[in-house]
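What follows is a single structure, written as structure tokens, with notes after it.
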Amino acid sequence: MHLRVDVAPERHQETPPAGCGTGAGIGIVVGMNETPSSAQSRATAIPWPLVFGLGSMALLWPLTALTGVGGTGAPRALAIVGFTALVWVAVVGFGRVARPVLTLTLTGVVFGLVAMAASLLFGGVGLPGETAAAWTVVPALAMDAFWGFVAGVLALGVQKVRGEGR
């Protein structure tokens, strides 16, 4: 007993007369139900969870102030800034993150927004909270974006040295 299954008419084609290794008629397999252009756009998309995760490191400011870790003043500030920069460059530089400069520039903006929100909630010195003038918000965000850009350039350098620069 034979079972006959009819398929769509466009599937009834002759197999191309290509031998093994000729590459004739063979396309690039990117992924199931995926076109090369959608795979490319997915590969260059901004990794928003990473941006928000790294930007949340701004919470180190109120956390260290509340716990007393790191002391006060310039040593604490340098430790937080240095640790944050090191983590950003390491995660994006050693990770396979596409568009590291844009990713860390946006991370800097998110860092600034989280710092401002923390300052409004917990109060803080040097952050645009209740005690700072409203006009300081834009320069503060611009400065955070600039430091994110610098970290992104460093991360791109790490990727290029490792042979993964995009």
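At a glance:
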| quantity | calculated |
| --- | --- |
| Residue list for the stretch 62-89, filter: free of Cβ contacts under 8 Å to residues at least 24 places away in the same chain, surrounded by 13 or more Cβ atoms within 10 Å (Cβ to Cβ), part of a helix (DSSP H, G or I) and among the small types (G, A, S) | A77, A79 |
| T107 vs. criteria of a type in the set (S, T, Y), in a loop (DSSP other than H, G, I, E, B) and either farther than 22 Å from E164 by Cα or modelled with pLDDT of 80 or more (or both) | no |
| Residue satisfying all of: in the stretch 133-153; hydrophobic (A, V, I, L, M, F, W, C) and under 14 Å from the mean Cα position of the chain (by Cα); farthest from T105 (Cα to Cα) among these | V153 |
| Number of the exception - S56 against (1) in a helix (DSSP H, G or I); (2) buried (at least 16 other Cβ atoms within 10 Å of the Cβ); (3) at pLDDT 90 or above | (2) |
| Meets criteria (surrounded by 13 or more Cβ atoms within 10 Å (Cβ to Cβ) and outside any helix (DSSP H, G or I)) for V97 | yes |
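The values are calculated or read from the model by the stated rules, or taken from the named source; none is laboratory data. The structure presented is a predicted model; accordingly, all values stated were derived computationally and were not measured. Please note: Cβ atoms are built from the backbone with ideal geometry, for glycine as well, and neighbour counts cover all protein chains shown.
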